[in-house]
Structures are given as structure tokens and as C-alpha cells.
1. Give me the extension gain from Asp71 to Val17: residue separation times 0.36 nm, minus the current Cα-Cα distance, reported in nm with one decimal.
2. By how many nm would the segment from Glu42 to Ser142 grow when fully extended, if each residue of separation counts as 0.36 nm and the alpha-carbon distance is taken off?
3. Compute the FRET efficiency between His85 and Arg115 as 1/(1 + (r/R0)^6), taking r as their Cβ-Cβ distance and R0 = 41 Å, and round to the nearest 0.05.
4. Between Thr28 and Asp5, what FRET efficiency comes out of the Förster formula 1/(1 + (r/R0)^6) with R0 = 22 Å and r the beta carbon distance, rounded to 0.05?
5. Based on the inverse mean of 1/r over its pairs of different Cα atoms, what is the Kirkwood hydrodynamic radius of the range 50-140, in Å?
6. Where does each of 41-47, 84-90 land if you order them by average Cβ count within 10 Å, highest first?
Amino acid sequence: MLRTDKIRVVIADEQPVIVLGLQTWFETRERYRVVASATGEEQLLSKLRGADGELVIVGCALGAQARPAADRFGILRKLRECVPHTPLVAFTTESDPLAIRAMQRAGADGTASTRDDLKDLGRVCERVLSGVKGVISPRIASCLQSERRNAQAFDPNTIYREVRVSATTLAARM
């Protein structure tokens, strides 16, 4: 059965130009209607309570300055608590595989790069809306692939061949 109503989207990013660009892009698509947008964490959380969004797209840097470095993706955790069943797409400049995995653990159902084409963000949104978890954009996938290649190239025997430390020697040095 095809939907006759539009998918209600909530967009948030700390940069107003990003919010405006995403709003414009989604509004020009027949399937979507932007029901709320925000440029701050508290603004987003208050708008989510009043908006009946079916999809949340959030820039991961939103509110990061107010958080300790250990909780860089706290906004994703807060959103997951606030709207636990709403699909959540992280829109990020990150290319570090550890950071991308941290976003996924924090609650992102999908992850897209700000360097991807917007059509790739649209594909991530479509897959997340269909119920798939752990969806990543092509740019994010290439970042994760480079991590795998680097992990396979690591050979501890060649790097640490000359280092021999026994457990007792190590304990005596401490």
C-alpha cells in the first residue's frame, strides 16, 4: 500500500545554513514535509515534544561545545530517550571510524556524511524509514573500509620484532 501523506521530518544542525539547505532539499521532494527545525539542542528537544516527526536528521556537532569531550554524541542519546521509536539519522563531518561507531552506539539508525551527495542522504533516510538499522552512506562506508584495510595490514611481528619484555620485567619496572 502506498502512502498518501508526506513523511514528517525534523531537521537540526548548529549551522543555520545547513538547516536551511536540508529544509529546502527535503521540501522539494514530494515524499517529505519538514515539520520542525532547530539550530540548538534545547530548541530541538522542545520542538520534538510538539512535532509529530517520523524521521529526525541531526548534525552530530549540535550542542557538542557544552558537553565534555567524552560525551561528543550525547545529543543522539538524548534524542533516543526523547523519541525512542523514531528513526534517527546522524549527519556528520566525521570520518574517523571510531567516531562513526560511537554515533551508532549512541542511537543513530543511519549515518551520512556532509560530504555525500544529498541523494545519498535521501537513500539513507529511505532505508532507515523502512526499518533498517546501521545504514551508512557511501562516504561513511569508505571511511569504515579504510579502517578494515589498515587493520588487515597490521602485523605485530614486523613492528615489534625486536621488543621482548617478560611480564616479570615489566612488573619490576613499575
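Nothing in this text is a laboratory measurement; each read-out follows from the coordinates by a stated rule. Remember, predicted model here, so these are calculated numbers, not experimental data. Cβ placement follows ideal geometry from the backbone for every residue including glycine, while neighbour counts extend to all protein chains displayed.
1. On the way: separation 54, 0.36 × 54 = 19.44 nm, distance 2.52 nm.
Full-extension gain reported as 16.9 nm.
2. Details: separation 100, 0.36 × 100 = 36.00 nm, distance 3.30 nm.
Extra length available between Glu42 and Ser142 comes to 32.7 nm.
3. Working: r = 30 Å, r/R0 = 0.72.
Efficiency, from the Cβ-Cβ distance: 0.90.
4. Numbers: r = 17 Å, r/R0 = 0.79.
So, using R0 = 22 Å, E works out to roughly 0.80.
5. On the way: mean 1/r = 0.0769 Å⁻¹.
That comes to 13.0 Å for the range 50-140.
6. Working: 41-47: 17.0, 84-90: 18.9.
Descending packing order for the listed peptides: 84-90, 41-47.
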